[in-house]
Amino acid sequence: MLPSVVLERVRAELRDWSGSGFSVLEASQWDPRLVAMFEHTTSRVRHLLDVPESHRVLFMHGGASHQFAIVPMNLGGADATAGYVHTGLWSGKAIRDAANLIDVHVVATTADDGFTGVPRPDELHVAPRSAYLHYTPSETAQGTRFPYVPDVGDVPLVADASSSLFSEQLDLRRLGLVYASAQKALGATGLTIVIVREDLIGRARPGTPDIFDYALHERTRSRHSTPPVFALYIAGLMLDWIDARGGVPAVAAASRRRSDVVYDAIDSSALYVNPVEPSARSRVSIPFHLADPRLDEPFLTEAAEAGLHALAGHSSVGGMRASLYPGMPEGGAEALAAFMGDFADRHG
Ligand code: PMP
């Protein structure tokens, strides 16, 4: 969801952006107003995530899926080995792509438990010469969350934070690289944020096409290829909105409150099941299923009639899921919980 104030602003500015007399969609990428907007967006990311001086912020085209290949191209030279933690659908895809490019060592997997938890810190044995360790702080489809940041010594830690970036505080000093597609927290698809420690830039394996090389994006301030202007514009508005709400700490607290409301609704009725170990429950993507699968369809239909949309679970896991990213008002979680209680009374 996007906050309605952001949508209203987009509507108001669509024909006349920033006093230009034209739409942001029509601006040249060299228009000084647009250049200022890119700079503003970068500095907002730096400010809100407390990005250390040692790290660069890059804006790249495409989704987090692109980074599944781009990360090993950039961080894994020939003959390199990288560690991966396998906790569900998205880390599985990252592993498959990386394995085409680098020697992948799966350091831990929760597959045997049906991906209902995350490994314990002492289960992550990373070979000291690994090019990096990749993990997924929040698995969107399975609805899990690492309650800790892995400690991997000198091995660079890489996180696919597509689900959780901006919804919780993350100490970037502990990470070599973080990437996240923008659509969950910052509104529009087609843009991926990469935050990377500068010593990890410029190490792309020979033969890496320029456009996939982080060094090119750093050098050109992410403007080598015409940037996804509209997605950047929406991201800038969302970042301003997050800042005005009190920044990431406030958004993270709201995220905890929203998810507590939905987990309470799940746990207080035998009709709803969330299989995730309580200490590893996601705060942004909450899968659940109905004890009686014949009720799936009535649940979704009646929810839509009540104005609660997009509740079908990811196709790989089925069931339902509540998506609670920063733009979701707390009233949205409360409305879902009230509907779930009412539905359980009628069908339980
Ligand atoms: N990683 C995670 C954790 C995700 O949730 C998603 C998308 N839902 C992706 C990667 C893939 O992102 P994209 O669709 O932007 O490629």
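No value in this document is a laboratory result; all are computed from the given coordinates. What you see is a predicted model; the values in this text were computed from it and never measured. Positions of Cβ are backbone-derived with ideal geometry, glycine not excepted, and every protein chain shown enters the neighbour counts.
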Query raised in the report: Counting only residues 5 or more places away or on other chains, whose amide H sits under 5 Å from the amide H of Val317 once H atoms are built in the peptide plane?
Result: none
Query raised in the report: Any idea how far the Cα center of region 277-348 sits from the one of region 127-181, in Å?
Result: 27
Report task. Once you have the Cα-Cα distance between Ala215 and Asp345, take 0.36 nm times their residue separation minus that, and quote the gain in nm to one decimal. Result -> 41.0 nm
Query - Distant-in-sequence amide H partners of Tyr272 (H built 1.01 Å from N, under 5 Å) - result: Ala291
Query raised in the report: In nm, to one decimal, how far is the Glu330 label point from the Ala304 one, both placed 7 Å along Cα→Cβ?
Result: 3.1
Report summary line: Checking region 87-136 for trypsin sites (Lys or Arg not before Pro) in a loop per DSSP with at most 13 other beta-carbon atoms within 10 Å yields Arg129
Query raised in the report: For the charge dipole of region 222-323, defined by +1 on Lys and Arg C-beta atoms and -1 on Asp and Glu C-beta atoms about the Cα centroid, which residue among Pro249, Ser225, Leu290 has the Cα displaced farthest towards the positive pole?
Result: Ser225
Query - Likely footprinting exposure, Asp199, Asp50, fewest C-beta neighbours within 10 Å first - result: Asp199, Asp50
Query raised in the report: Measuring from label point to label point, each 7 Å out along Cα→Cβ, what is the Leu25 to Asp103 span in nm?
Result: 5.1
Query raised in the report: Taking only DSSP H segments of four or more residues, each worth -39500 (n - 2.57), what value at 222 nm results for the chain once the sum is divided by all its residues, to the nearest 500 deg cm²/dmol?
Result: -11500 deg cm²/dmol
Query raised in the report: For Arg9 and Val273 in the same chain, what is the full-extension length gain: residue separation times 0.36 nm, less their Cα-Cα distance, in nm?
Result: 91.1 nm
Query raised in the report: Relative contact order for the chain using alpha-carbon pairs under 8 Å, separation at least 6, rounded to a whole percent?
Result: 20
Report summary line: Per the C-alpha gyration tensor (a ≥ b ≥ c, the square roots of its eigenvalues), region 240-319 is rounded if a/c is under 1.5, else prolate if a/b beats b/c, else oblate; here it's prolate
